[in-house]
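To start, the structure under review is shown below, and the notes come after it.
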Amino acid sequence: MLYAMIEMQRAAAAPIRAMARMNRVIFESDYNALSQTEFGKSIAASASLMESLTRTYGKPVWGLERTEINGKEVDVDPEVVWSEPWCDLIHFKRDADDLAEATGSREPQPRLLIVAPLSGHYATLLRGTVEAFLPHFEVYITDWTDARMVPLVNGRFDLDDYIDYIRRMIGEVGPGANVLAVCQPGPPVLAAISLMSEDNDPNLPSSMTYMGSPIDCRKSPTVPNLLAEERAFEWFKTNMIFTVPFPYPGAMRRVYPGFVQLASFMNMNWDRHVDAQWNFFEHLVGDDGDSAQKHREFYDEYLSVLDLSAEFYLDTIKRVFQEHQLPRGEFHHRGRLVRPEFIKKTALMTVEGEKDDISGIGQTQAAHEICSGLSDNMRQDYIQPGVGHYGVFNGSRFRKEIVPRVVDFIHTFHDKKVEENWVNAFELA
């Protein structure tokens, strides 16, 4: 019922949004004598703010058409190289000739699979993450599908299915690749690599990096962690799950709506978001176009949300946030016990933010305790001072201080022979 009410509210806001857009155009026009007055700018700014607050935000575009390597531009072409109903695997293919000219070599660079979170936002939230690693790696990323766009005929999607998808995508990227999990994917990615290690899977990755991940939520619990533990599991089933209305392709599917997750995150920092909207208004009135554009870019991404399947969301709540199955050694995948101690050939790096209010200090570091079979020289841990959750994978400090460490870590354990053999086999195929 809530989902249908939200859709009705969006439809009801359409005339208001259209009126706001019309006023913005009129009072920004050079043909309007009031456009350069304080009154005209205030009207235009108010209309722009109203338009942004009532707009429905769709899936953002990547907008990554080129990267810069050693001062030279290299064209980038995002392409889907693997696809299933619940996820696409995107390869940010760089022009081979441009790349050879920029690097002075045709030697293949390490392959990096970035596992984006399935927690309410699209994979494009990691646009800055992808952009930062493009000069150093052959980058792939998981692009999870909005549950409201998946027809019921495609079946359910739970945490075990998620792990299967991860394992298959690692196989698609190929042996000796490197996996980087941002936030939510930490536990299922660790489970997938544990299973691959125990099976001596030929596609086993060379390294795995976890950034701000809830590996063990019992350590430094944050507000979301405490909420998950304070509420009974039945409360989440009753209050957080809704039915997708028509005319969405996934109509009648039970989901955890993205707008619910967004409301939760915004309520955690409500004053900051209110201040941001007021500052946006002032930037518009003051003709500070650069600051206003940065605000638009951030909120265009932040307010674009997707739905999660009910099975996946509830599985995650129960197995990761309430029962802590992975750190307790009780995590099963389709009835099979997941044993991280079998990981002995995949190097491990963990990255945390000093001020992370989503995944507290120690939650990601717990991966080192769980992966007891790894030697000390195959481990690395880093805590980034002065950043919160978002700063662990985006922003200036991420680019200047975290990225170089991750790049060095991956290159340390990168097997060039495996890389060359895989590239040669791929080209022959």
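Could you please find all residues in the stretch 140-163 being in a helix (DSSP H, G or I) and in contact (Cβ under 8 Å) with a residue 12 or more places away in the chain?
Of everything in the stretch 140-163, those that are in a helix (DSSP H, G or I) and in contact (Cβ under 8 Å) with a residue 12 or more places away in the chain turn out to be Ala147, Arg148, Met149, Leu152, Asn154, Leu159, Asp160, Asp161, Tyr162, Ile163.
List, please: which pairs have Cβ atoms under 9 Å, are six or more places apart or on different chains, and start with a residue in the stretch 176-205 that is in contact (Cβ under 8 Å) with a residue 60 or more places away in the chain and closer than 17 Å to Tyr313 by Cα and end with one that is basic (Lys, Arg) and part of a helix (DSSP H, G or I)?
These pairs meet every condition: Pro187/Arg319.
I need the full set of residues from the stretch 264-281 which are surrounded by 12 or more Cβ atoms within 10 Å (Cβ to Cβ), assigned to a helix (DSSP H, G or I) and either in contact with a strand residue (DSSP E or B) (Cβ under 6 Å, 6 or more places away or on another chain) or modelled with pLDDT under 75 (or both), in order please.
Ser264, Phe265, Met266, Met268, His273, Ala276, Gln277, Phe280, Phe281
Looking only at the stretch 382-404, decide whether some residue is in the same structural domain as Pro205 (by TED's automatic domain parsing), part of a helix (DSSP H, G or I), at pLDDT below 70 and not small (Gly, Ala, Ser). Spell out how you get there, then give the answer.
First, pick out the residues of the stretch 382-404 that are in the same structural domain as Pro205 (by TED's automatic domain parsing): 382-404.
Those left that are additionally part of a helix (DSSP H, G or I): 390-392, 396-404.
From what's left, at pLDDT below 70: none.
Among the residues of the stretch 382-404, not one is in the same structural domain as Pro205 (by TED's automatic domain parsing), part of a helix (DSSP H, G or I), at pLDDT below 70 and not small (Gly, Ala, Ser), which makes the answer no.
Any idea which of Pro135, Pro205, Pro108, Pro188 is more than 30 Å from Gly71 (Cβ to Cβ) and not in a helix (DSSP H, G or I)?
Pro205
Applying the selection to the stretch 208-239, what residues are touching a helix residue (DSSP H, G or I) at 6+ places or on another chain (Cβ under 7 Å), part of a loop (DSSP other than H, G, I, E, B) and among the charged types (D, E, K, R)?
Across the stretch 208-239, the qualifying residues are Asp216, Lys219.
For Gly120, which of the numbered conditions (1) modelled with pLDDT under 95; (2) farther than 21 Å from Asp307 by Cα fails to hold?
With (1) modelled with pLDDT under 95; (2) farther than 21 Å from Asp307 by Cα applied to Gly120, the lone miss is (2).
Restricting attention to the stretch 319-336, which residues are in contact with a Leu (Cβ under 9 Å, 6 or more places away or on another chain), of a type outside the set (A, V, I, L, M, F, W, C) and touching a residue at least 60 places away in the same chain (Cβ under 8 Å)?
Once the filter is applied, which keeps residues that are in contact with a Leu (Cβ under 9 Å, 6 or more places away or on another chain), of a type outside the set (A, V, I, L, M, F, W, C) and touching a residue at least 60 places away in the same chain (Cβ under 8 Å), the stretch 319-336 yields Arg319, His333, Arg336.
Would you point out which residue out of Leu204, Leu284, Leu195, Leu306 is touching a helix residue (DSSP H, G or I) at 6+ places or on another chain (Cβ under 8 Å), under 24 Å from Gly63 (Cβ atoms) and at pLDDT 95 or above?
Numbers: Leu204 fails: under 24 Å from Gly63 (Cβ atoms); Leu284 fails: at pLDDT 95 or above; Leu195 fails: under 24 Å from Gly63 (Cβ atoms).
Every option except Leu306 fails the conditions.
The values are calculated or read from the model by the stated rules, or taken from the named source; none is laboratory data. These numbers were taken from a predicted model, which means no experiment stands behind them. For neighbour counting, all protein chains shown are included, and Cβ atoms are generated from backbone atoms with ideal geometry for every residue, glycine included.
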